[in-house]
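The values are calculated or read from the model by the stated rules, or taken from the named source; none is laboratory data. All figures in this text were calculated on a predicted structure; none of them were measured in a lab. Here Cβ is always computed from backbone atoms with ideal geometry, including for glycine, and neighbour counts include all displayed protein chains. For the accessible areas, the whole protein counts, side chains as well, though only heavy atoms, and no ligand, DNA or RNA atoms are used. Shrake-Rupley method; radii C 1.70, N 1.55, O 1.52, S 1.80 Å.
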Number of protein chains: 2
Amino acid sequence: MPVRTEFEELLGADHVLVDPGERLGRTGGLSYLDLLHARAGDEVPVPDAVLLPADPDQVQAVLEVCVRHDIGVVPFGGGTSVVGGVAALRGGKAAVVVLDLVRLDELVSVDPVSRIAVLRAGVRGPEAERLLAAHGYTLGHVPQSFERATIGGFAATRSAGQASSGYGRFEDMVAGLRLATPKGEWRLGVAPASAAGPDLRQLAVGSEGTLGVITEVALRVRPLPEQRHYEGWIVDGWAAGAAAVRKLAQDHALADVTRLSDVDETNVSFSLNAGLKTTALKTYLAARGIKNPCLLIVGWEGDVARCRRRTSAMLKCSGAVRIGKVLGESWRHGRFNGPRQRDALLDLGVCVETLETAAYWSNLDELHDAVRAALVASLGRAIVMCHVSHAYETGASLYFTVLTSRDDTDPVGQWQRAKAAACEAISGLGTISHHHAVGLDHAPYLEAEIGRIGLDVLRAAKSAVDPTGILNPGKLLC
Amino acid sequence: MPVRTEFEELLGADHVLVDPGERLGRTGGLSYLDLLHARAGDEVPVPDAVLLPADPDQVQAVLEVCVRHDIGVVPFGGGTSVVGGVAALRGGKAAVVVLDLVRLDELVSVDPVSRIAVLRAGVRGPEAERLLAAHGYTLGHVPQSFERATIGGFAATRSAGQASSGYGRFEDMVAGLRLATPKGEWRLGVAPASAAGPDLRQLAVGSEGTLGVITEVALRVRPLPEQRHYEGWIVDGWAAGAAAVRKLAQDHALADVTRLSDVDETNVSFSLNAGLKTTALKTYLAARGIKNPCLLIVGWEGDVARCRRRTSAMLKCSGAVRIGKVLGESWRHGRFNGPRQRDALLDLGVCVETLETAAYWSNLDELHDAVRAALVASLGRAIVMCHVSHAYETGASLYFTVLTSRDDTDPVGQWQRAKAAACEAISGLGTISHHHAVGLDHAPYLEAEIGRIGLDVLRAAKSAVDPTGILNPGKLLC
């Protein structure tokens, strides 16, 4: 029986897509280079078919067919990867299929006692929140990709949302997982914590489709917050801002959202905010001794009054000045807009991209300066803005946004060189990715982070579950 | 050159011990069966030599010699395993050596900005606290084995201390690790959190010496608490107590130490506490409507006033009654005594042992009852006491203490059958170990928890770093 017929018998003919538009629509991702390629009509790897399984059993059955025919499988959720994580690479296979998990869209169960909800992998961010809200719960996981990205994708990439200081990173929410693998189904997670050997959940989380297709995730949920309050503060300079955020993190007084912009990002935020009387604000701040304003957005969800009092008192002690709700709420309302604004900027001939890292506090300033310097050295005149969006007791993330005039003779090379320079600057000081994952783009830098032994361990784990290498060829491990 | 000469040239003759007493002193552990075997003078596996390397480089060099001569290596810290984790098994090798890490006893560095301290693997609990206190810091990691156990052992076994509600489990403190492996040195941990693939730190933590010898651990530290306050509360019955602890955990109001005893353990605590006027206490409680007293020990470290107010208010809402500092402080002072009391009980013909698990809240009552019933069914007349000592948003640990009259015709078989019955009861409802680890004793139950695929992944990871299988033969993976 031809393999296409096998897939059709398994999933129904409607769920085996070979139309070129459908196939082209499920490749690549949303990086600047992806957008450039799409605009230029460049040839990109396209899958031979798109499969739409209905449930975890069908995913498992599809994998068995793919093993038998030696077909590569690219799991696909929201398609929001900015690191090439869903590129339809063949990896030496005769064919490659994209496994679009869009039909795995159910809330499987809610355990109100343990506060655990089981969601299927294909549920998108807003739908997850809608399903959980019907039971009075929230995940509180709001990365910038929230509107399109899926539960399975969040788990596969160790996603971190904008409210991670309050709700934790996605991996902190994962109680259990169900994965389809070429060796059969794999279930993990029987207790909140365990000493029964290494925590294999933390091996599955972040495996980016290379160790199995995540089909269900059991997640810790929290009650829907009755109240929300977002506001802006200003601190005088990056160093003082980072110190203030560090103090909050180390004293366990972080707001649920805590986001510190550097001077350059603050200036851009001020000038882009139509509702803001920038001159009046700068006069107000100057009168309070603030020479280099850095914007700090803080947001509380839930027990606002109690938590806000403590954080605010500590921020005042750090010399920060409250500037009210306007900037906080405008940030909250616009927080998913970034990706949408890129198309307009691209139309204007702008090269615009983001990159991110994280480091221990004692390396953070050096890392900030090194990445900035590397980008400017590579790109020449460029706006390089940065913010801390995720803070921990021992360190924080850095998220850079870069804008420069696009070199239309070699736009791809222009960015590839700048990105390589930034990655070299990161390597040794911080992690190659705090929440964008590895995919294709960061794979060359993984060895510097986890060692040759780390790579060997990951390759061995992969061989154990996927001996013929059908799962997401070429990703994570290059 | 004979291998002993090689070791002597590497470490110095004084650090290669072949004296039978030294060898016998570094085998087995501290389980009830270990104690029985020691008393009976039973033959137990004894290493051919005890090696005392001075630093991580010497550990690495020793491993290279052991690979060349195909010698098994058992890493040894405090020797407090209660699951056979340091049994000197040969695993088919011609020889086995114990690598006692006692000389790796240094505080390597303190980073006050990131609040990270690097400690060598052989530092024992009290010494770690003494070294850190000189810089104003604490780990806050106080398992019952604290007085003897080491930093390396805590990491290798995913230890959880009695103040884990406040300070976290040991794995939560681990920022980075340095391991010696047959494939070379392996370093992990460049940032507090990362999306650069799976978190391999969480594979190294809990690997029980099978994936490498942990030589250094970078740990998140906290300021020494200025204040401490421990007190006792009483709740009416196990179900109400578990619900109260669950509420505290889910509302993020847990005290740093939170420990709930069931009715049986509470009765024993009352009767063993010489300073307590038990009759008066019971009258006092009865007047407050408490029929089935369950003792809840809560302890705060650091910002006592602020945290205590909130926890106390919530406990009052749960119907709990405060009984003051006496039981709290007496618990704190006696909290490392358990292991020492066993010898006296053994002298009296008592079979005494502990076992532990953890589960999601919705399984906790069933698990409590199932383990209790299994132990009583196997042992006949027995005292089975239990407490929750570690609570999470999604679940909690259960720690059982069992006392029964020892069957001196077959004391080993008596406990082996009871333990097997308890493990069967646990399997499927909770984890086979919350903080004692796998070692030898729990290895048969690991597959039920992580699946055949999980075992295959661990075996593959081991083959990648230890292809000839010299590292801690027979442990974790049976």
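Working only with C-alpha atoms, what are the Rg and Dmax values of the stretch A:55-172, expressed in angstrom?
That works out to 15.6, 49 Å for Rg and Dmax.
With label points built 7 Å along Cα→Cβ from the Cα atoms of A:Val108 and B:Glu22, find their separation and express it in nm.
Going by the 7 Å Cα→Cβ label model, 5.4 nm.
Given Cα pairs under 8 Å that are at least 6 residues apart, what percent is the relative contact order of the stretch A:264-374?
15
Compute, for A:His15, the solvent-accessible surface of its heavy atoms (probe 1.4 Å) with the complete set of protein chains present, and express it in square angstrom to the nearest 10.
Counting only protein heavy atoms, the figure is 50 Å².
Using the Cβ atoms and a cut-off under 10 Å, what net charge is assigned to the surroundings of B:Val384, where Lys and Arg are +1 and Asp and Glu are -1?
-2
How compact and how long is the stretch B:228-335, expressed as Rg and Dmax of its alpha-carbon atoms in Å?
12.9, 35
Taking the Cβ of B:Gln162 as the centre, find all other residues whose Cβ is under 10 Å away and add up their charges (Lys, Arg: +1; Asp, Glu: -1).
+2
With a 1.4 Å probe, what is the total accessible area buried between chains B and A, in Å² rounded to the nearest 100?
5800
Can you list the copy-to-copy distances for B:His252, using a point 7 angstrom from Cα toward Cβ, in nanometres, shortest first?
Spelled out, the distances from B:His252's label point are 1.0 nm.
Quickly rank A:171-183, A:152-164 as a protection proxy: mean count of other C-beta atoms within 10 Å, highest first.
Top to bottom by mean Cβ count within 10 Å: A:152-164, A:171-183.
Could you derive backbone 3J(HN,Hα) for the stretch A:401-406 from the dihedral phi with the Karplus parameters 6.51, -1.76 and 1.60 (θ = phi - 60°), listing whole Hz in sequence and x where the residue is Gly or Pro?
Calculated HN-Hα couplings, in order: 10, 10, 10, 8, 6, 6 Hz.
Can you give the average number of partner chain beta-carbon atoms within 10 Å of each beta-carbon in peptide B:358-366, as a whole number?
5
Please list the radius of gyration and Dmax for chain A, considering alpha-carbon atoms only, with Å as the unit.
Taking only Cα atoms of chain A, I get Rg and Dmax of 22.6, 79 Å.
If amide H atoms are built 1.01 Å from N in the plane of the peptide, which residues on other chains or at least 5 residues away come under 5 Å of the amide H of A:Ala437?
Sorted by chain and number, the residues that satisfy this are B:Ala195.
Rank-order B:374-380, A:40-46, A:334-340, A:310-316 by packing density, defined as the average count of other C-beta atoms within 10 Å over each peptide's residues, highest first.
Listed from highest to lowest mean packing, they are B:374-380, A:310-316, A:334-340, A:40-46.
Considering every residue in A:207-217, what mean count of other chain Cβ atoms within 10 Å of its Cβ is obtained?
1
Along each of the three principal axes of the Cα atoms of the protein assembly as shown, give the extent in whole Å, ordering the values from largest to smallest.
86, 65, 60
Label-point separation (nm) for B:Asp407 and B:Ala134, each offset 7 Å from Cα along Cα-to-Cβ?
Once both label points are built, they end up 5.3 nm from each other.
Rounded to the nearest whole Å², what accessible area per residue is found for the stretch A:339-441 with the 1.4 Å probe?
In whole numbers, the stretch A:339-441 has 36 Å² accessible per residue.
Rounded to the nearest whole Å³, what is the per residue volume of the convex hull around the Cα atoms of the stretch B:139-257?
Once divided by residue count, the hull of the stretch B:139-257 is 150 Å³.
Starting from the Cα coordinates of the stretch B:272-369, work out the convex hull volume and express it per residue in Å³.
Taking only Cα atoms, the stretch B:272-369 has a hull volume of 178 Å³ per residue.
Skip the ligands, DNA and RNA, and give the accessible area per residue of the stretch A:228-335 with a 1.4 Å probe, whole Å².
Accessible area per residue, the stretch A:228-335: 43 Å².
With just the Cα atoms of the stretch B:345-436, tell me how far they stretch along each of the three principal axes, in Å, largest first.
Here the Cα extents, ordered largest to smallest, are 44, 22, 20 Å.
Any chance you could give the angle, 0 to 90 degrees and rounded to 10, that helix B:411-426 forms with the longest Cα principal axis of chain B?
Tilt of helix B:411-426: around 70 degrees.
Once the Cβ-Cβ distance between A:Lys325 and B:Glu226 is put in as r, and R0 is 45 Å, what FRET efficiency do you end up with, to the nearest 0.05?
Computed FRET efficiency for A:Lys325 and B:Glu226 comes out at 0.80.
What residues have an amide H closer than 5 Å to that of B:Val221, excluding those fewer than 5 places away on the same chain, when H is modeled at 1.01 Å from N in the peptide plane?
Excluding prolines and chain starts, which carry no amide H, the hits are B:Ile116, B:Ala117.
Using 0.36 nm per residue, how much length does the chain from A:Asp42 to A:Arg187 gain when fully extended, once their Cα-Cα distance is taken away?
Between A:Asp42 and A:Arg187, full extension yields an extra 48.2 nm.
Given a cut-off of under 8 Å on Cα pairs at least six residues apart, what relative contact order in percent is computed for chain B?
16
How far apart, in nanometres, would the label points at A:Thr468 and A:Ala274 be if each is projected 7 angstrom from Cα along the Cα-to-Cβ direction?
Here the answer is 5.7 nm between the modelled labels.
With a cut-off of at most 12 other beta carbons within 10 Å, and DSSP calling the residue loop, which GluC sites (Glu not before Pro) in the stretch A:345-446 qualify? Please list them.
Counting only loop positions with at most 12 other Cβ atoms within 10 Å, none of the GluC sites (Glu not before Pro) in the stretch A:345-446 qualifies.
Each residue of the stretch A:455-460 in turn: what ³J(HN,Hα) in whole Hz from Karplus with 6.51, -1.76, 1.60 and θ = phi - 60°, glycine and Pro shown as x?
The phi angles translate into 4, 4, 5, 5, 5, 5 Hz.
How charged is the neighbourhood of A:Gly474? Take every other residue with its Cβ under 14 Å from the Cβ of A:Gly474, and add Lys/Arg as +1 and Asp/Glu as -1.
With Lys, Arg at +1 and Asp, Glu at -1, the net is +2.
What is the average number of partner chain Cβ atoms found within 10 Å of a Cβ in A:426-433?
4
Can you pull the percent of the stretch A:21-103's accessible area that's carbon plus sulfur, 1.4 Å probe, other chains left in place?
52
Classify the stretch B:107-171 as rounded, prolate or oblate from the Cα gyration tensor: take a ≥ b ≥ c as the square roots of its eigenvalues, call it rounded if a/c is under 1.5, otherwise prolate when a/b beats b/c and oblate if not.
Judged from the Cα gyration tensor, the stretch B:107-171 comes out prolate (a/c at least 1.5, a/b above b/c).
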